[in-house]
């Protein structure tokens, strides 16, 4: 792994603006080709949103600081029966990392439930800010999904897939390492989501591993979002899409790294569209239940640093 981000290769950058977001236009189709290529070759790309303002960026991270300043006892109220959906922190193996999960983050009910749990008297500013952010980012997720489905000739399945998608917003904090402390914020892994979209403050740390083994450092900006394919997307695409391997390494003694990740999960059974399997590309994955994939990943003895879909539902 390289020690200086300037020596590392760069991730593909794709602009999402009003001009190229009109389905059926030449610009939409050319953007779709770039999206599919990036997801197949890198498992991710950087999406720039020109209309995501610096003010919106600053407001959401001010909300995160307020959240993480709460006592651990209060943050621990964020519990869930779903693995990785609740509070995580104070782990000896990952001392720099702390995170909370907001389930159904694109619905008022989901965000209100989380807000009431931590602020029984209410916190409308936090609630409204998180809901607006989640809805905006979910629009990007659905747009990318539609581009891929159309490019693969299976757009008739897209609407039902979108209707079956629910979103988890994980908010994360990585503090700088102290003397003689590990600088690893998060271990090498792939996401179990269908797709993950990350947004972070101006503190570096996230790195993505290319297929050839080289590491790429994600250089954030207020208008940039990292769109990553998860293991469920890889399986659905019959192996066409690459699930990005990534990690967080806190190399610099800087203020905390704050990050938001919108994770898309499918509430039903995921199966490879029949159009994506045939004599030249035989079926590689059985139909599977998405949360079953997540629970399988949590079992002892299951490798955490590679694609879980192959072990769980591979043929």
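The values are calculated or read from the model by the stated rules, or taken from the named source; none is laboratory data. Computed from a predicted model, the values in this text were never measured in an experiment. FYI the Cβ positions are ideal-geometry reconstructions off the backbone, even for glycines, and counts take in every protein chain you see.
Might you let me know whether region 40-49 holds any residue that is touching a residue at least 40 places away in the same chain (Cβ under 8 Å), under 24 Å from residue 190 (Cβ atoms) and assigned to a helix (DSSP H, G or I)? Looking through region 40-49, at least one residue is touching a residue at least 40 places away in the same chain (Cβ under 8 Å), under 24 Å from residue 190 (Cβ atoms) and assigned to a helix (DSSP H, G or I). Exactly one residue out of 243, 267 is within 19 Å of residue 145 (Cα to Cα), touching a strand residue (DSSP E or B) at 6+ places or on another chain (Cβ under 7 Å) and modelled with pLDDT under 95, and it is 267.
Residue 83: outside any helix (DSSP H, G or I), surrounded by 14 or more Cβ atoms within 10 Å (Cβ to Cβ) and modelled with pLDDT under 95, yes or no? Taking the combined requirement at face value, the residue satisfies it. Restricting attention to region 19-32, the residues that are out of contact with any helix residue (DSSP H, G or I) (no Cβ under 7 Å at 6 or more places or on another chain), on the phi < 0 side of the Ramachandran plot and either in a strand (DSSP E or B) or surrounded by fewer than 12 Cβ atoms within 10 Å (Cβ to Cβ) (or both) add up to 2. For region 250-266, filtered to residues that are within 17 Å of the chain's Cα centre (by Cα) and surrounded by fewer than 22 Cβ atoms within 10 Å (Cβ to Cβ), the residue that is farthest from residue 311 (Cα to Cα) is 261.
The residue of region 268-299 that is farthest from residue 82 (Cα to Cα), among those that are assigned to a loop (DSSP other than H, G, I, E, B) and touching a helix residue (DSSP H, G or I) at 6+ places or on another chain (Cβ under 7 Å), is 273. One residue stands out among those in region 300-315 that are assigned to a loop (DSSP other than H, G, I, E, B) and without any contact (Cβ under 8 Å) to a residue 24 or more places away in the chain: the one that is surrounded by the most Cβ atoms within 10 Å (Cβ to Cβ), which is 302. Residue pairs whose Cβ atoms lie under 8 Å apart, sitting 6 or more positions apart in sequence or on different chains, and linking a residue in region 17-39 that is touching a residue at least 40 places away in the same chain (Cβ under 8 Å) to a partner that is exposed (fewer than 14 other Cβ atoms within 10 Å of the Cβ), are 28/22. For region 42-61, filtered to residues that are surrounded by fewer than 14 Cβ atoms within 10 Å (Cβ to Cβ) and out of contact with any strand residue (DSSP E or B) (no Cβ under 8 Å at 6 or more places or on another chain), the residue that is modelled with the lowest pLDDT is 51.
Taking region 66-90 as the range and being touching a strand residue (DSSP E or B) at 6+ places or on another chain (Cβ under 7 Å) and over 20 Å from residue 141 (Cβ atoms) as the test, the residues that pass are 67, 68, 75, 78, 80, 86, 87, 88, 89.
For residue 260, the conditions (1) modelled with pLDDT of 95 or more; (2) over 30 Å from residue 181 (Cβ atoms); (3) out of contact with any helix residue (DSSP H, G or I) (no Cβ under 6 Å at 6 or more places or on another chain) are fulfilled apart from (2).
Condition check: under 25 Å from residue 100 (Cβ atoms), surrounded by fewer than 22 Cβ atoms within 10 Å (Cβ to Cβ) and over 21 Å from the mean Cα position of the chain (by Cα). Does residue 247 satisfy that? No: the conditions fail for residue 247. Scan region 168-185 and give yes if some residue there is crowded, with 20+ Cβ neighbours inside 10 Å and at pLDDT below 95, otherwise no. Yes: one or more hits.
Applying the criterion of being surrounded by fewer than 16 Cβ atoms within 10 Å (Cβ to Cβ) and not in a helix (DSSP H, G or I) to the residues of region 116-156, the residue that is nearest to the chain's Cα centre (by Cα) is 153. Would you call residue 234 outside any loop (DSSP other than H, G, I, E, B) and in contact with a helix residue (DSSP H, G or I) (Cβ under 8 Å, 6 or more places away or on another chain)? In short, yes.
So, in region 221-241, how many residues would count as being surrounded by fewer than 22 Cβ atoms within 10 Å (Cβ to Cβ) and either more than 20 Å from residue 306 (Cα to Cα) or under 16 Å from the mean Cα position of the chain (by Cα) (or both)? Qualifying residue count, region 221-241: 4.
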